[in-house]
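Data first, discussion second: the structure below is written as structure tokens.
FYI, it's all coordinate maths here, none of it is from the lab. Bear in mind the structure is a predicted one, so any value in this text is a computation, not a measurement. Virtual Cβ from ideal backbone geometry, glycine too; neighbours counted across all protein chains shown.
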Amino acid sequence: MAITGLIFVGFILAHMYGNLMIFGGQAAFDEYAHHLRELGAPMLPESGFLWLMRITLIVALVLHAYAAFTLWARAGRARHQRYAVTKQGYGQFYAKAMRWGGVALLLFVVFHILHFTTNTIQINGDFAAPSDRLVSSFEVWWAVLIYLLAVLALGLHLRHGIHGAAMTLGLNTSLTAQRRIHQVAIAVAVVTVVGFMVPPFAILLGLTP
């Protein structure tokens, strides 16, 4: 779970950076999207890099989900009585947030792919250009709200997930290291939430070029 989670962290930060290209104008965003299809050429065919990335992410997603549900079931079997709320309330909150937040994120990923990748779900019109699809979608307030809720869930998932992954990989070698892990987890979560939500709100308010 820790290793596949870190793969997703890398992808999420790269994806966030790509979304911010919309501030360079719609032409710059479309050029970025087109460049992804040609990345690795001529060693790779057109969209070859994208398919390698998609396959890697799908495998990582399956392994991550399998690990999550396996640990969820194991925890349920191991716990014969409920934790005392006064002592374990904080831990219970994060455990439930990670579990149900992960399920919500999985459903959102399906929605996101059907929306922006396959164009099966269309919001505010049918557009072929990636930039037109992005801008038109976030001109609708409820689409921005859906993404806001999903990104907040992602931030919470990252906050706890990065911290847990670092512990699993044995990086908590001292109190100083533990504090740094905590700081990095919070920083990545905050940067991700802000970075992903700046474009939708800017588009909704008409602040993009």
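Overview of results
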| item | result |
| --- | --- |
| Calculated [θ] (222 nm, deg cm²/dmol) that DSSP helices of n ≥ 4 give over the chain, each run adding -39,500 (n - 2.57) | -26000 deg cm²/dmol |
| Computed E for Ala2/Ala202 - FRET, C-beta separation, R0 35 angstrom, nearest 0.05 | 0.55 |
| Cα-based shape type of segment 108-206, given that a ≥ b ≥ c are square roots of the gyration tensor eigenvalues and the cut on a/c is 1.5 | prolate |
| Taking the chain and dividing mean pair separation by its residue count, relative contact order in percent (alpha carbons under 8 Å, at least six apart) | 30 percent |
| Label-point separation, Leu114 to Trp100 (7 Å along Cα→Cβ), nm | 2.2 nm |
| Nearest-ten-degree value, helix 26-38 long axis tilted from longest Cα axis of the chain | 70 degrees |
